[in-house]
Amino acid sequence: MLKLTLEAIETIDAIARHGSFAGASERLHKVPSTISYAVSKLEDQLGLALFIRNGPRVTLTPAGQEMLKEGRWLLAAAQQLESRMRQIATGFESELRLMHDSLIPTHAFNQDICAFEDLHCGTRLRISSEALTGTWEALREGRADIVVAAGEGPAGGGYKAVAVGSLAFAFCVTATHPLAKLQRPLTRSDLLEHTAVVVGDGARSLNDRTVGLLSGQRRITVPSMQAKIACQAAGLGHGFVPRACVRVELETGILVELQVEEPRPDETFWLAWRPEHMGEALKWWRHRLDRPLLPGILPY
């Protein structure tokens, strides 16, 4: 009989993610003593240590790291099997993963989430966000079932997509920034003399996407558009930001909009999904979000 079970792998995974038996017990809704006993019993059965204990904190041994690296694939496969079985039996997936571009606030989907919960279909909803190409990559790699992504999708197809809106961008700096004193449309040379603030692309395997950034440009890379706007409002750099997101800053003079010789085109947003294995939950979200999403959900 196999000593490693999916329940055991799930326990080890929870401990590794939370760094302690106590943290794993909250995640798995079990008392810490039960978690500790299960780990000790598994280590005895395997004849090797999976964790290094240092008081309440624990870290994986090399053997534990290897077990968890492969074990997470097994957990993912089991979850997919469970979802397919449930979908065959009821038509609804066990889980629906919606990912949106980080430019869109999650609360923009609140009414949609409430309407979905009112279905009482039993499908767990998991919502996350990524920046730029990271959203498309999650769809391509199967980490998301449906996405609201910015820009054109990656080559290779395998998905369907419909446009659901666009955002206009403005080049902004503080009123005291040197570029604000030039009183003319800004050239490439002007921009290269000063630091740009950019949002880091969330892609892991696809090529990073950079928008409005010149080759050789000094830059500060931040994790989100909110952080980018805050940096530019603090005078740390320049860049294009959605005009709808900085309406207040422009009205109050915190930021000023400047003309540039090479403006940034409007950003198109796409609702995209993979058509195979479409369960009822995915169909519901596909029809629900096939509408103009932008503007109207910004600023944050």
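The values are calculated or read from the model by the stated rules, or taken from the named source; none is laboratory data. None of these values were measured; they are calculated from a predicted model. Cβ coordinates were reconstructed from backbone atoms using ideal geometry, including for glycine residues, and neighbour counts include every protein chain displayed. These accessible areas exclude ligands, DNA and RNA; they are computed on the full protein's heavy atoms, side chains included. Shrake-Rupley method; radii C 1.70, N 1.55, O 1.52, S 1.80 Å.
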Can you find a residue in the range 35-54 that is farther than 30 Å from GLY279 by Cα, under 25 Å from the mean Cα position of the chain (by Cα) and open to solvent by less than 90 Å² (accessible area, probe 1.4 Å)? no
For the range 144-177, what are the residues that are in a loop (DSSP other than H, G, I, E, B) and either more than 18 Å from the chain's Cα centre (by Cα) or among the aromatic types (Phe, Trp, Tyr) (or both)? ALA155, GLY156, GLY157, GLY158, TYR159, ALA168, THR174, ALA175, THR176, HIS177
From LEU271, LEU214, LEU191, grab the single residue that is at pLDDT 95 or above, touching a helix residue (DSSP H, G or I) at 6+ places or on another chain (Cβ under 8 Å) and open to solvent by less than 30 Å² (accessible area, probe 1.4 Å). LEU271
Residues located in the range 1-27, provided they are outside any loop (DSSP other than H, G, I, E, B) and not hydrophobic (A, V, I, L, M, F, W, C): GLU7, GLU10, THR11, ASP13, ARG17, HIS18, SER20, GLY23, SER25, GLU26, ARG27
When the residues of the range 274-297 are filtered to those that are crowded, with 17+ Cβ neighbours inside 10 Å and in contact with a strand residue (DSSP E or B) (Cβ under 7 Å, 6 or more places away or on another chain), which remaining residue is farthest from CYS121 (Cα to Cα)? LEU294
Residue satisfying condition, being farther than 21 Å from ASP190 by Cα, open to solvent by 40 Å² or more (accessible area, probe 1.4 Å) and either under 27 Å from the mean Cα position of the chain (by Cα) or not β-branched (Val, Ile, Thr) (or both), within set ARG247, ARG219: ARG247
Out of curiosity, is ASP118 out of contact with any helix residue (DSSP H, G or I) (no Cβ under 9 Å at 6 or more places or on another chain) and more than 19 Å from GLU267 (Cβ to Cβ)? yes
Strands (runs of 3 or more DSSP E) wholly in the range 56-143 with at least 2 residues that are without any contact (Cβ under 8 Å) to a residue 60 or more places away in the chain and surrounded by fewer than 19 Cβ atoms within 10 Å (Cβ to Cβ) - which ones? 57-60, 124-130
Within the range 1-30, restricting attention to residues that are touching a helix residue (DSSP H, G or I) at 6+ places or on another chain (Cβ under 6 Å) and free of Cβ contacts under 8 Å to residues at least 12 places away in the same chain, which residue is surrounded by the most Cβ atoms within 10 Å (Cβ to Cβ)? SER25
